[in-house]
Structures are given as C-alpha cells and as structure tokens.
1. What about B:V133, is it more than 30 Å from A:R223 (Cβ to Cβ) and either at pLDDT 95 or above or surrounded by fewer than 19 Cβ atoms within 10 Å (Cβ to Cβ) (or both)?
2. Have a look at A:I97, A:I40, A:I57, A:I16 and point out the one that is under 30 Å from A:D202 (Cα atoms) and not acidic (D, E).
3. I'm told A:L44 meets every condition in (1) in contact with a strand residue (DSSP E or B) (Cβ under 7 Å, 6 or more places away or on another chain); (2) within 12 Å of chain B (Cβ to nearest Cβ); (3) within 30 Å of A:L116 (Cα to Cα) except one. Can you identify the failing condition by its number?
4. When the stretch A:38-68 is examined, which residues are found to be of a type in the set (G, A, S), more than 19 Å from A:A90 (Cβ to Cβ) and assigned to a helix (DSSP H, G or I)?
5. Is it true that some residue in the stretch A:142-160 is over 25 Å from the mean Cα position of the chain (by Cα), surrounded by fewer than 19 Cβ atoms within 10 Å (Cβ to Cβ) and either farther than 19 Å from A:D83 by Cβ or not basic (K, R) (or both)?
6. Scan the stretch A:100-119 for residues that are within 14 Å of chain B (Cβ to nearest Cβ) and closer than 22 Å to A:N147 by Cα and jot them down.
7. Report, by residue number, each residue of the stretch B:200-215 that is facing chain A (nearest Cβ under 9 Å) and not β-branched (V, I, T).
8. Mind listing just one residue for me: the one in the stretch A:6-37 that is more than 10 Å from every other protein chain (Cβ to nearest Cβ) and assigned to a loop (DSSP other than H, G, I, E, B) and, of those, surrounded by the fewest Cβ atoms within 10 Å (Cβ to Cβ)?
There are 2 protein chains.
Amino acid sequence: MSQSSSDIVTAGLLVIGDEILSGRTKDKNIGFIAEYLTAIGIDLKEVRVVADEEAEIVAALNALRSRYTYVFTTGGIGPTHDDITADSVAKAFGVPIDIDPRVVAIFKERAPHLELNEARLRMARIPAGADLVENSVSNAPGFMIGNVIVMAGVPAIMQAMIDSVSGRLRTGRKMLSETVLANAREGDIGGPLGEIAKAHPDAMIGSYPFFDGKGPNTNIVVRSREPQTLAAAKAAVEAMLVKVNGAR
Amino acid sequence: MSQSSSDIVTAGLLVIGDEILSGRTKDKNIGFIAEYLTAIGIDLKEVRVVADEEAEIVAALNALRSRYTYVFTTGGIGPTHDDITADSVAKAFGVPIDIDPRVVAIFKERAPHLELNEARLRMARIPAGADLVENSVSNAPGFMIGNVIVMAGVPAIMQAMIDSVSGRLRTGRKMLSETVLANAREGDIGGPLGEIAKAHPDAMIGSYPFFDGKGPNTNIVVRSREPQTLAAAKAAVEAMLVKVNGAR
C-alpha cells in the first residue's frame, strides 16, 4: 500500500560551526535530532555542516528551506562575534533584524543579576516576524521563522529547545522500524536480500555490517509506515535467514 | 600576514546512509575525518549527509567536487542492494562501471574461502579510471577517482582507508590552534573578544561555551597558519581575560 504524500513531513538540518569542521568539537546533535524527528513522525532527509560564514549559511539555508517542510539549525546564536546565525537567517529571509524587546524582558526577568551588555544584547537579536523558542536551560531563546527553527549548539540547550518547539510542528505518520540480527556476513545474504527488497518495494530494507565478538555480522533494518508492509518484509527476511544459515 | 592560496587545500565530506538520517546509527566518521584532515593540513569546509538515493548522491557529489580540492565519501560500498555509492559516483563522473579484475584478484588472494557470489562481486564494481584504496581491515577496497575518495562507512574500515590514501593527497600548511580556558561566561567577554577579533583579522577566534562543574564557562580557540599571528592573538585574549576576571 503506498502512502499519500500528506502523510510525510520532511526536514533538513543545518549544523553551523567552525569547531565541528576542524574536529575540535565532536557533533552530538545530528544523531539526537535524527532520532528525535523519526520518533515524532518527521523524516530527516539531509544534513549539512557549514562554517561560521554568512554566505555559506545563507546559501545552505535557502537550499534546504525550499526543499523540506522544516529546517532546523544548530549553533551560532551566542553572544560573541563568531555567532552570526541570527543575522544570516534574517539575510536569507530578506527581513530586518534588531534587538527584540521580548528577549530583553526575558533576560531582565530570569537573570536580573547579569549585566545587559553589548554581548548579551547580541543574543536578543531576532529576525522580524520570528516566534521565540524559549526553553528551561538557557535564558537566550532560539526562534522559528517561516519553516526554519534556529537552535543553540550546546547539546543540553538544543535538546530543551527542540522539546519546546516540537509541539508547534506538523508531523506525519511515523516511520516504523524493525531490526533483524542476521548472524551472517553481508556478502552471504546480499543476493537473496536484494530479491526481497525487489519483492517488497514499499518497505525500505537496509543492511548494516558490523564486527561482533566473533567476526563480521549484519543487522538488517526493515522500515515502513504501514504495519502490514513492515511485517511482511520482516517475515521474508527472517525466512531467508533461516534458509541461508541452515545451509551453512 | 596573509596566506597565499596555494597553502590551502580544502575538502568536502559526503556521508551516505539512511541509517544516519533515521538516527539508528550515530555517525562517528565526521569527527574523526575532521580531526584527521586538520592534522595533515587539509581544511574540511563542508559536510553533507544524504540518503541512499542515487539522485541525492550524484547532486551532492557534483556540488562538492566542483568546490573543494578533495571530496571524501563514507558509506554505501558494501555487497547489498542498498549499497549504491560506487554506481552513483560513476554516474556523477559520467564514466562506465563494471566488475574490476584488480578487486577480484584481491578477493581471491585474501579470502579464497569466501564464495565470489553476486553480492561480493558487487563490491568489486569500480568506476572506470579509479585507483583502488586497499586497506588492512577489509578485503573490499575503496577507490579514488578524480578528486573524490570513496570509503566505507564502518569506522574501523574507513579509518584504515583514509590512512591508506592520505599519502597520495596534496596537503597545505597546517592550521595551528591554541585553546584558552576563559573561566568566564561568554556574555561577560563577548564585547572585548570581538574587539580582539577585529584587531587580529588574520587569526580566527572562536568562542565555545560549555557547562563546567560550577556553571557556564567558555573555551576560546585561536587559529592561524602563522605561528606569530597565533601567538599575538592568543596573548591579546589572555591579557583581556586577566583584565575582565580581575575586575570581578
């Protein structure tokens, strides 16, 4: 059974930061966001990582926001000179950006002891027309403008922000997934697995090799939005494995 | 002192795999490759993660290979139906692809006990004109065609492949880096740090907040290919921190 396109909500992710590209910081957000979106019924279709350079951010953002239902960004919304995400997003949308009195009010209420200096006011710069994404961890909010959700790069703050914003998002039918441990080398099951993939075109079947304690092994992951499609493909995989493994 | 452009060698990275986008597998290759390339004098400028879909792979590969000195890919070169990277690379380059006798010879020599079935022969499909990237961990090689290096997705195999190929690559002057622990909140140093960044335009200065045991703290990372430029910017950051922290 094919799925109607209205069931499907897609997303792109734009990770912004020199420190990811230099390897100094190991990204922890891509995996978290991928798993989070899958769980709520949004298909992550593409990720890009770019440097803290306005032209790069604008080009990537415009490419992604025209293709997917939503675009999430991480990084570059702090108080220092290298935090240029908010200004870059405003430029991509062609809207003005200025210090937002809503953010200033949050700072005054939640952190009256911290000086509202130029650096902190930089975190209050929000593109015109954006909704704030407040969160429990950081006083400085993220924001949502059009289909773009702008979040912090620090994992704990990003995670609070995505929790805060997810209720506002349209979600599709959830992708269901089953993993079958093959107890076989990929090279021994690739042929029959390909036949199963052809016979079950509405299921997505992935094969993921890994080394277990004894040698090469394989996880087979079957995915579909339809429980019956999923069950049929999984059963076919299991029957094939019984046959292949029994023959050895 | 500005750096001549011939000192700079750039790279893009294309991570290929549904399992990364679904969150089932947490990528471990981006951080490794980023750090590896930085260490040998290649600047990683952009990363993309795309699904196991030919059109997506071809489009991303063509975008990246025209922009950067090298493009590295990970994933999708195994023996199963969802491994479509080699064919997609051949399509992007507009060259034929077929079973490569060099790979068949490797299989026969290194794994004479394994049946050379249709699935394993799939791993021998190499685009015309490519050089093999043999490695110690896997019998199935990666390959290099033009400026594109195609590697496995399994981290241990990818790491063996990048070690195997790196000696063939042109490298630039290494980016030098120093990290200064600020012992200050980002919001308290953003102003003076921005002044330092303006006064040292040839150094790259990044500010990375994190939570230590006591609360918000900040790492300041200064980068340059010129030792003197690096030292001057680092000294300015340290002097600023003495002033800011002493005033509290």
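1. yes
2. Matching residue, one of A:I97, A:I40, A:I57, A:I16: A:I40.
3. Among (1) in contact with a strand residue (DSSP E or B) (Cβ under 7 Å, 6 or more places away or on another chain); (2) within 12 Å of chain B (Cβ to nearest Cβ); (3) within 30 Å of A:L116 (Cα to Cα), A:L44 violates only (3).
4. A:A39
5. Within the stretch A:142-160 (the criterion being over 25 Å from the mean Cα position of the chain (by Cα), surrounded by fewer than 19 Cβ atoms within 10 Å (Cβ to Cβ) and either farther than 19 Å from A:D83 by Cβ or not basic (K, R) (or both)), the answer is no, since none of the residues qualifies.
6. The one that is within 14 Å of chain B (Cβ to nearest Cβ) and closer than 22 Å to A:N147 by Cα: A:V103.
7. B:M204, B:G206, B:S207, B:Y208, B:P209, B:F210, B:F211
8. Selected residue: A:I8.
The values are calculated or read from the model by the stated rules, or taken from the named source; none is laboratory data. Predicted model, so just to flag it, every value in this text is computed and none were measured. We place every Cβ from the backbone using ideal geometry, glycine too, and count neighbours over all the protein chains shown.
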